Amino acid sequence: MSPAARPTRWCGKRHACRSGDGRGGRCGKEDGTVNARNGFLASLWLCLLLAAPPAGAHLLNMTKATGEVAADGRFTLELSLDLLRASGSAQAYYDLAQRESPLADADMRAFWQQLAQNIELRQGAARVALETVAVAPPVEASLDDFESPVNWPMTAITLRGAVDPAAPLTLNFRSGFAFEEPIALSLQAPDSGRKQSRLLVANQSSPPFASGLGPVTAPPPAEGFDVWQHLGVGIAHILPGGADHLLFLLCLFLLASGWRQLLLYASMFTLAHSITLIIAAYRLVEFPAGPVEAAIALSILWLAIAVLRGNHAHAGLGLISGFGLLHGLGFASALRALPLDDHQFLLTLVTFNVGVEIGQVIFLAGLWLCLAWSRGRSWYAGRVQKPIAVAVALVSSFWLIQRLASL
């Protein structure tokens, strides 16, 4: 039958379409619309994933700040900072580290002033001026170390100011400077033995710290536990900070045949992740960060290949649980560096982990809302699932090569 003689049918899209045999078939206009829409979705996923920055490890380059109040009113703040973002590039950070005297360098004067101005030290309504007095960049690190995704050369910076030792003080790290978050703050007064430790984010004030020096002898009121703060830090670790965790969850989504199986996969991963998080926090097991990060990249690549092969035997519950244990180890070095109060140690860990899981749920829910409608379509595997898995495999392969080269 010639094309002109083929029977015409109506597909409900306000246009006539022809089928090859008169018994129905795919509407050409509808097919073109589906192809364009899903081609766009697949391209969007590819762009997002390939544009993802190399996944930094888990909080290992966070800002560490230790403030000390002396009986004579001297306040000293010791910082350990990753200045990569503040410098603008790995090359610029390396050049900064190679300067003979970075603090005295006229070209760097505005940089250190900006740093000091964005650390707000207050006693009541009065702001205490801070001055940068010492800078010790990682001079022994090579350019490769600055460019590496698993090495974080840190710069030690000292600031000083004059405070009233009898008055409580607060610290706030403003977003006008690129402080890596979370900010692990420890305030102490060696002469009185008082100490306070908190995790902060930019623009968040620390609780008032009373040094116990001077005429004030009464102990400060007991401080409550800031649940929302630790939940927020945990969520931020995943969204947007946990690119490698997100790609792993994306692979679980692609592997799952439905929401029940996805829930089972995510639950096993979460349980295993939580176990090693707590074990690492109590120093029952310790592994170097470099090999762990390389193994995490390998776990993502393994799942991406399992999606491409359509082989669920390569991604069973036992393997997913094992990968969950591995991802939990990624927290180890960061958790050992956190300034946690002994009486809030377990509560802080649990709350932080709950924040991490909330971040995972938000991400998986977003995936489900965006892609669940396409899962039952005949073109899902070829136009959505496989292209995304290819992108994940490419990104994770790149991370794996980078991390192995940095060992």
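The values are calculated or read from the model by the stated rules, or taken from the named source; none is laboratory data. Bear in mind the structure is a predicted one, so any value in this text is a computation, not a measurement. Every residue, glycine as well, gets a Cβ built from its backbone with ideal geometry; the counts of neighbours run over all protein chains shown.
General observations
- Filter pass, Leu239 being surrounded by fewer than 20 Cβ atoms within 10 Å (Cβ to Cβ), within 18 Å of the chain's Cα centre (by Cα) and modelled with pLDDT of 75 or more: yes
- Matching residues in the range 123-132 - criterion: being more than 17 Å from Gly176 (Cα to Cα) and in contact (Cβ under 8 Å) with a residue 40 or more places away in the chain: Gln123, Gly124, Val128
- Residues in the range 112-126 that are farther than 18 Å from Ala202 by Cβ, within 30 Å of the chain's Cα centre (by Cα) and surrounded by 14 or more Cβ atoms within 10 Å (Cβ to Cβ): Trp112 only.
- Taking the listed residues Leu81, Leu77, the one that is at pLDDT 90 or above, within 21 Å of the chain's Cα centre (by Cα) and closer than 30 Å to Ala189 by Cβ is Leu81, with no other qualifying.
- Checked against the criterion of being in the same structural domain as Leu262 (by TED's automatic domain parsing), closer than 18 Å to Arg403 by Cβ and modelled with pLDDT of 80 or more, the candidates Ala306, Ala297, Ala332 yield just one match: Ala297.
- Test: residue in the range 55-66 that is at pLDDT below 90, in a strand (DSSP E or B), in contact with a Phe, Trp or Tyr (Cβ under 6 Å, 6 or more places away or on another chain) and surrounded by 17 or more Cβ atoms within 10 Å (Cβ to Cβ): yes
- Residue, farthest from Ile235 (Cα to Cα), within the range 368-388, restricted to residues that are buried (at least 17 other Cβ atoms within 10 Å of the Cβ) and at pLDDT below 90: Arg383
- Verdict on Leu364 being surrounded by fewer than 21 Cβ atoms within 10 Å (Cβ to Cβ) and either without any contact (Cβ under 8 Å) to a residue 60 or more places away in the chain or assigned to a helix (DSSP H, G or I) (or both): no
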